Each structure stands twice: as C-alpha cells, then as structure tokens.
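**Q** So that we are looking at the same thing, I have put the structure below in structure tokens.
The values are calculated or read from the model by the stated rules, or taken from the named source; none is laboratory data. Because the structure is a prediction, the values reported are computed rather than measured. Here the Cβ positions follow ideal geometry from the backbone for every residue, glycine too, while neighbour counts run over all protein chains shown.
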Amino acid sequence: MANKYQRILLKLSGEALLGEQGHGIDADILDQYAEEIKAVQAEGIEVCVVIGGGNIFRGVKGATAGMDRVQGDYMGMLATMINSMALQDALERKNVHTRLMSAIRMEEIAEPYIRRRAIRHLEKGRVVMFGAGTGNPYFTTDTAASLRAIEIEADVILKGTRVDGIYDSDPEKNKDAVKFDTITGDEVLNKRLNVMDLTAFTLCRDNKTPIIVFNMNIKGNLKKVVCENQSIGSTVVWDQ
C-alpha cells in the first residue's frame, strides 16, 4: 500500500514533553516520540519537526508577569532549541540521521535555516528539526510550523497533542464534547475552535495545507496516520 503522504511536518507541543513531571523533559516521552518518528522515517517518509518550548518557558506568560514581551519571546525561542536538541539526541541514539536548523544563528549547535538546504536534507532521508520559531517575536511555534510546512512543500501538518482530535468543546472538561472526524477551515473559524492561532491557521488556509490533529501519546498513532491510511484524529480540509 502506498503511503498517503510523502513529506510531513510534525508539530509537537513543549508541554507534551513534561510527561508526569512538573517541569523539564520526561525521558520516557522523549524516547517514545523518537521511536514513533523513526518508524515513520523507516517507511521512506520525509519528516520535519517543530517543537514548542512551553515546558521550559512561555514568552506570553512571562510578558503577563511583567517581563518585556520581546525579551520573553526570544527566551521562548531558546527553549524550543533545548527541546529540539533533546529530540535530536534521542533520534540519533536510535541511528536516525538528523539535522537541526535554527531561525536564529547559533552555528555551534545548529545550522542556519535555509529553505533549499532543508529540502535537500529531507530528500537525503534526514529528519529535520526547525528550532527557534520564525526567529521573530510575537509569532508562535504554530505559526512557525505552518510557515515551514508551506516553504518546504509538506503534504500535511500533523499536530500531535494529548487529545485525539478536534472537539466542539474541551473534552478534558466536558465529557459530552463532540469530536469532528473531518471539519472545514471555515467551520473551525466560525465555531472559534482552538486548533491553531489565527496567523498559523490563515497561512494554512491560504495555501490549502491540510491539518490533522491527533493523539501523539498513543503508541503507533503517527504511523497509522501517515503510512496505514487509518482515520486517526481530526482532519481540517479547505474548500476548493
């Protein structure tokens, strides 16, 4: 069976790396994510990853506590680099070739982000991680994920979360919440569902980039979405 997608961008939240801990990075979660990515990459899928930094620092939260917003956002970008480096190490310990690219120049630990170079790494079978967001304050890692996915012509954005899709209300607070298997972008906007921030979502809409929201914490789910054509999570589609 042919794979449904050839090139994917996986968006992970920094908070997911907390696991059962109150702070930092849970080694078991990190290892599980690396194993999931390795399984997909072994099927010939070109994989790139964007990770948030919320387990270490959130710029917006820092700003609301009195810190300068720009300063806080740059600190958040550095947090995404820490998470990206941790995932890179976990993957390479599993013999998966990787490249870490940063939107902020820090040559000692990462390559500068260059679109053509990123695409070439993917074509050579390397897992590519995009760190430091867009390199600009006031933009989230969701926006960075959308921007990079469009730039490298990914077939889909896979948003790995701790819930199994998009609901009409928070399923962790409302046991009667209704899940959408497929939903249009206009419905997401009209219902004000929190799939991505508006900037990220608009980028995807303008470029007709599909989004799949699924539970990354269930083993095997990533491969089911990408390689086995199983209906996992919720898919955002765009009117043609």
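**Q** Which of (1) part of a helix (DSSP H, G or I); (2) in contact with a helix residue (DSSP H, G or I) (Cβ under 6 Å, 6 or more places away or on another chain); (3) of a type in the set (S, T, Y) does Y74 not meet, given it meets every other one?
**A** With (1) part of a helix (DSSP H, G or I); (2) in contact with a helix residue (DSSP H, G or I) (Cβ under 6 Å, 6 or more places away or on another chain); (3) of a type in the set (S, T, Y) applied to Y74, the lone miss is (2).
**Q** How about segment 156-205: which of its residues are under 22 Å from T140 (Cβ atoms) and among the β-branched types (V, I, T)?
**A** Passing the criteria: V156, I157, T161, V163, I166, I183, V188, V195, T199, T202.
**Q** So, one more: Take the residues in segment 179-216 that are of a type in the set (F, W, Y) and not in a helix (DSSP H, G or I); name whichever of them is nearest to A16 (Cα to Cα).
**A** F214
**Q** Which of the residues that make up segment 22-58 are in contact with a helix residue (DSSP H, G or I) (Cβ under 9 Å, 6 or more places away or on another chain) and among the polar types (S, T, N, Q)?
**A** Answer for segment 22-58, where residues must be in contact with a helix residue (DSSP H, G or I) (Cβ under 9 Å, 6 or more places away or on another chain) and among the polar types (S, T, N, Q): Q41, N55.
**Q** Further question on the same structure: Go through segment 188-207 and give me each residue that's within 22 Å of E172 (Cβ to Cβ) and over 17 Å from the mean Cα position of the chain (by Cα).
**A** Result: V188, K191, R192, L193.
**Q** Ok, one more. Looking at (1) modelled with pLDDT under 90; (2) farther than 25 Å from I29 by Cα, find the lone condition where P171 falls short.
**A** Only one criterion is unmet by P171, namely (2).
**Q** Report yes if M77 is closer than 20 Å to G24 by Cα, touching a Gly at 6+ places or on another chain (Cβ under 7 Å) and either in contact (Cβ under 8 Å) with a residue 24 or more places away in the chain or of a type in the set (D, E) (or both), otherwise no.
**A** Taking the combined requirement at face value, the residue satisfies it.
**Q** Somewhere in segment 87-95, is a residue assigned to a strand (DSSP E or B), surrounded by fewer than 23 Cβ atoms within 10 Å (Cβ to Cβ) and not charged (D, E, K, R)?
**A** No, every residue in segment 87-95 fails to be assigned to a strand (DSSP E or B), surrounded by fewer than 23 Cβ atoms within 10 Å (Cβ to Cβ) and not charged (D, E, K, R).
**Q** Determine whether segment 175-188 contains at least one residue that is touching a strand residue (DSSP E or B) at 6+ places or on another chain (Cβ under 9 Å), within 25 Å of V47 (Cβ to Cβ), surrounded by fewer than 15 Cβ atoms within 10 Å (Cβ to Cβ) and among the polar types (S, T, N, Q).
**A** yes
**Q** What are the residues in segment 123-174 that are of a type in the set (V, I, T) and in a loop (DSSP other than H, G, I, E, B), if any?
**A** Correct list: T134, T140, I152, V163.
**Q** Quick one: what pairs do we get from segment 217-236, first residue part of a loop (DSSP other than H, G, I, E, B) and surrounded by 13 or more Cβ atoms within 10 Å (Cβ to Cβ), second modelled with pLDDT of 90 or more and basic (K, R), C-beta under 7 Å, 6+ apart or different chains?
**A** Pairs that qualify, where the first residue is part of a loop (DSSP other than H, G, I, E, B) and surrounded by 13 or more Cβ atoms within 10 Å (Cβ to Cβ) and the partner is modelled with pLDDT of 90 or more and basic (K, R), are Q230/K224; I232/K224.
**Q** So, one more: Hey, could you check segment 23-44 for residues that are closer than 18 Å to E123 by Cβ and touching a residue at least 40 places away in the same chain (Cβ under 8 Å) and say which is surrounded by the most Cβ atoms within 10 Å (Cβ to Cβ)?
**A** I37
**Q** Here is a list of conditions, (1) polar (S, T, N, Q); (2) crowded, with 22+ Cβ neighbours inside 10 Å; (3) part of a helix (DSSP H, G or I), and N55 meets all of them except one; can you say which number that is?
**A** For N55, the exception is condition (3).
**Q** Which condition from (1) at pLDDT 90 or above; (2) in a loop (DSSP other than H, G, I, E, B) is the one that G24 breaks?
**A** Every condition holds for G24 apart from (1).
**Q** For R105, indicate whether it is in a helix (DSSP H, G or I) and touching a strand residue (DSSP E or B) at 6+ places or on another chain (Cβ under 9 Å).
**A** No: the conditions fail for R105.
**Q** Pull out all pairs, ordered by first then second residue, where Cβ-Cβ is under 6 Å, the residues are six or more apart or on different chains, the first lies in segment 180-199 and is over 16 Å from F214 (Cβ atoms), and the second is at pLDDT 90 or above.
**A** Close Cβ pairs satisfying both conditions: T184/V237; G185/R205; G185/V236; D197/T140; D197/D142; T199/T143.
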